[in-house]
Amino acid sequence: MTAFFQSLGMTYDWAWFVATICGILLIALPLMLAVAMIIYVDRKIWAAMALRRGPNVVGPFGLLQSFADGLKVFLQETIVPSAANKGIFLIAPVVTFTIALMAWAVIPFNSGAMLADINVGLLYILAISSLGVYGTIMAGWASNSKYPFFSAMRASAQMISYEVSIGFIIICVVLWSGTFNMNDIVKAQQGHVFGIFNGFVFNPLLFPMWVMFLISSLAETQRAPFDLTEAESELVAGYQTEYSSMAFAAYWLGEYANVLLMCALNTTLFFGGWLPPLDWAPLYLVPGFIWFLLKVFFFFFVFSWVKATVPRYRYDQLMRLGWKVFLPVSLLFVVLVSGYLMLTRYS
Amino acid sequence: MIHVIAFYLFAVMTVASGAITILSRNPVHSVLWLILAFFNAAGLMVLVGAEFIAMLLVIVYVGAVAVLFLFVVMMLDIDFAELRAGFVRYFPLGALVALVLLAEIVLGIGAYRAGSLELGTPDGTAAVAEDVSNTTAIGALLYSRYLFLFEAAGIILLVAMIGAIVLTHRQRGEALVQNISKQNARRPDEATVNVKPEVGKGVTL
């Protein structure tokens, strides 16, 4: 895109600047629309599984429900608790929301269609997702209230624990594809198994890694069955209890943007991103970003499905799963995968 | 042009947030400013072309170390008036530490300018092969030439970790322990009974 703006007669610096701004808007605006619609989809799927109708009043089939909710929240009064630490209280939702958008810079929507084609793409995502803790922990502390603080402690312990196993799982993928660049990781999955299937998930050594990654991504985004941070029977509404109006909406949007990001990561790392599921020429006639969006939507359906069917974990079970099951197993698989590659590829 | 703007932005932010880290009265604010300083330092690393180090800086320091700082600072109930009372007493020691750090920086820059490092060139530009990515270059060097030093560093960290766990772990007699395998082995017929009491009669359990 920089070349296009340069052809309009701009200098390189300005062309780069304008192209980057355009790229950010091209990703962020559709993402916000997608988040609004995906909240509606989440509620519809959840309702269907509970034999209810779900939102069906605002607009045809209730399609405008999220926008109505957004308008309602926008018109509410912003309340800052008098005992709160004002600066951090107001910055915290901005941090959460910004970080939820930042990681999308390196997600490839189509072959090479990403904002930043950097060669440490996957590490960048790890770095950004490790920042995600701060929005939560700042909110919990700055609210100066017991329940948000408990919730923030839970949330940060949970996110740190599962980031460890996510790191090891990602290392397995990186070992196999030999690169941190997201686009090249997708390309490495073309015809991965017998030249037929596109995707690391069809590899017997990486399939258990994907199962663990899916469960870890549920825990990382604090979705059911790991939504202990807002266990309403214990903690009112979690770290966002004291928030109202747009600050609350920022948490809401950020949470769903993170869920979509985790769906996109599942797609990119294990299901061949923008590649069609089979390495068969006619399937390549469908544009790559349609395959990508279909896979992301499939994973979002899985997330909603889990939310509707699985009961909530106990906190000690959650910690045990992260540290005593996922960590040793993923470490074992790092050894297995690297050993296998040493024997077959690098010997 | 854009490089220069980015460099001065990151540099000014790093120095300023470092200064506010020391100056701010609230310890939680201090840690948050420290995190901003780390983050901007990572930005500087990206500008000199060390993107792998930059990402590791964010993952390790911002993502793990600073979170623990924040945890500890939030949990502790520190009286800061009392802490500041010792300022004059500890000032000579603090000045000494600052002097040592300054001397180390000057020495480091001097050694670098003298060209004693093989990896860089004396005029301050790092000689990096153009076609090899950062990650590959570091990996190739760490796992061949510096393999034993790298492994030794790993073992030291492992020993430190085990030491910390051993020192802080204590068995408390009254603590309740979950027996997960017993919980998982439990079946509905062990836990529940189906009774049909007559109308007006209770159930004894």
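So in the range A:103-127, with the set limited to residues that are facing chain B (nearest Cβ under 8 Å) and under 14 Å from the mean Cα position of the chain (by Cα), which one is farthest from A:GLY273 (Cα to Cα)?
If we take residues in the range A:103-127 being facing chain B (nearest Cβ under 8 Å) and under 14 Å from the mean Cα position of the chain (by Cα), then A:ALA127 is farthest from A:GLY273 (Cα to Cα).
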Residues in the range A:118-128 that are within 21 Å of A:TRP176 (Cβ to Cβ) and part of a helix (DSSP H, G or I): how many?
6
Do we have any residue at all in the range B:193-205 that's without any contact (Cβ under 8 Å) to a residue 40 or more places away in the chain and part of a helix (DSSP H, G or I)?
no
Is there a residue being crowded, with 23+ Cβ neighbours inside 10 Å and either in contact (Cβ under 8 Å) with a residue 40 or more places away in the chain or farther than 24 Å from B:ALA54 by Cα (or both) anywhere in the range A:70-83?
no
For the range B:169-196, name all the residues that are within 19 Å of A:ASP316 (Cβ to Cβ) and of a type in the set (S, T, N, Q).
B:GLN171, B:GLN178, B:ASN179, B:SER181, B:GLN183, B:ASN184
Restricting to the range B:18-59, name every residue that is over 30 Å from A:THR11 (Cα atoms), of a type in the set (S, T, N, Q), within 14 Å of another protein chain (Cβ to nearest Cβ) and in a helix (DSSP H, G or I).
B:SER30
In the range B:60-69, which residues are at pLDDT 85 or above and either under 19 Å from B:ALA6 (Cβ atoms) or at the interface with chain A (Cβ under 7 Å from one of its Cβ atoms) (or both)?
B:VAL62, B:VAL67
Matching residues in the range A:139-183 - criterion: being over 30 Å from A:LYS86 (Cα atoms), in a helix (DSSP H, G or I) and more than 20 Å from the chain's Cα centre (by Cα)
A:LEU175, A:TRP176, A:SER177
Given the residues A:LEU205, A:LEU131, A:LEU218, A:LEU214, which is the only one that is under 30 Å from A:MET342 (Cβ atoms), part of a helix (DSSP H, G or I) and in contact with a helix residue (DSSP H, G or I) (Cβ under 7 Å, 6 or more places away or on another chain)?
A:LEU214
Among the residues of the range A:98-117, is there at least one that is outside any helix (DSSP H, G or I), buried (at least 19 other Cβ atoms within 10 Å of the Cβ) and touching a Lys or Arg at 6+ places or on another chain (Cβ under 6 Å)?
no
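Just one of B:GLN171, B:GLN183 is out of contact with any Gly (no Cβ under 7 Å at 6 or more places or on another chain) and loosely packed, with under 10 Cβ neighbours inside 10 Å; which is it?
B:GLN171
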Those residues of the range A:51-97 that are hydroxyl-bearing (Ser, Thr, Tyr) and assigned to a loop (DSSP other than H, G, I, E, B) come to a total of 2
Output the number of residues of the range B:10-44 satisfying the condition of being surrounded by fewer than 14 Cβ atoms within 10 Å (Cβ to Cβ) and of a type in the set (A, V, I, L, M, F, W, C).
5
Check A:LYS324, A:LYS295 and return the single one that is loosely packed, with under 12 Cβ neighbours inside 10 Å and either within 14 Å of chain B (Cβ to nearest Cβ) or free of Cβ contacts under 8 Å to residues at least 40 places away in the same chain (or both).
A:LYS324
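I'd like the full set of residues that are of a type in the set (Phe, Trp, Tyr) and within 14 Å of chain A (Cβ to nearest Cβ), limited to the range B:136-190.
B:TYR143, the sole residue that qualifies.
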Output yes when any residue across the range B:119-131 is within 19 Å of A:SER177 (Cβ to Cβ), modelled with pLDDT under 85 and of a type in the set (Ser, Thr, Tyr), and no when none is.
no
Suppose the filter is among the aliphatic types (A, V, I, L, M), in contact with a Ser or Thr (Cβ under 9 Å, 6 or more places away or on another chain) and either within 13 Å of chain B (Cβ to nearest Cβ) or under 24 Å from A:ILE215 (Cα atoms) (or both); does A:MET138 pass it?
yes
Taking the range A:226-250, which residues are at pLDDT 85 or above and surrounded by fewer than 21 Cβ atoms within 10 Å (Cβ to Cβ)?
A:PHE248, A:ALA249
Taking the range A:127-162 as the search range and keeping residues that are free of Cβ contacts under 8 Å to residues at least 60 places away in the same chain and of a type in the set (Ser, Thr, Tyr), which one is surrounded by the most Cβ atoms within 10 Å (Cβ to Cβ)?
A:SER130
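Which count do you get for residues in the range A:27-61 that are without any contact (Cβ under 8 Å) to a residue 12 or more places away in the chain and surrounded by fewer than 17 Cβ atoms within 10 Å (Cβ to Cβ)?
Within the range A:27-61, residues that are without any contact (Cβ under 8 Å) to a residue 12 or more places away in the chain and surrounded by fewer than 17 Cβ atoms within 10 Å (Cβ to Cβ) number 14.
Within 14 Å of chain B (Cβ to nearest Cβ) and either in contact with a helix residue (DSSP H, G or I) (Cβ under 6 Å, 6 or more places away or on another chain) or farther than 24 Å from A:SER165 by Cβ (or both), is that true of A:TYR346?
yes
The values are calculated or read from the model by the stated rules, or taken from the named source; none is laboratory data. Keep in mind that what you see is a predicted model, and the values were worked out from it rather than measured. Note that we place each Cβ from the backbone using ideal geometry, even for glycine, and neighbour counts take in every protein chain shown.
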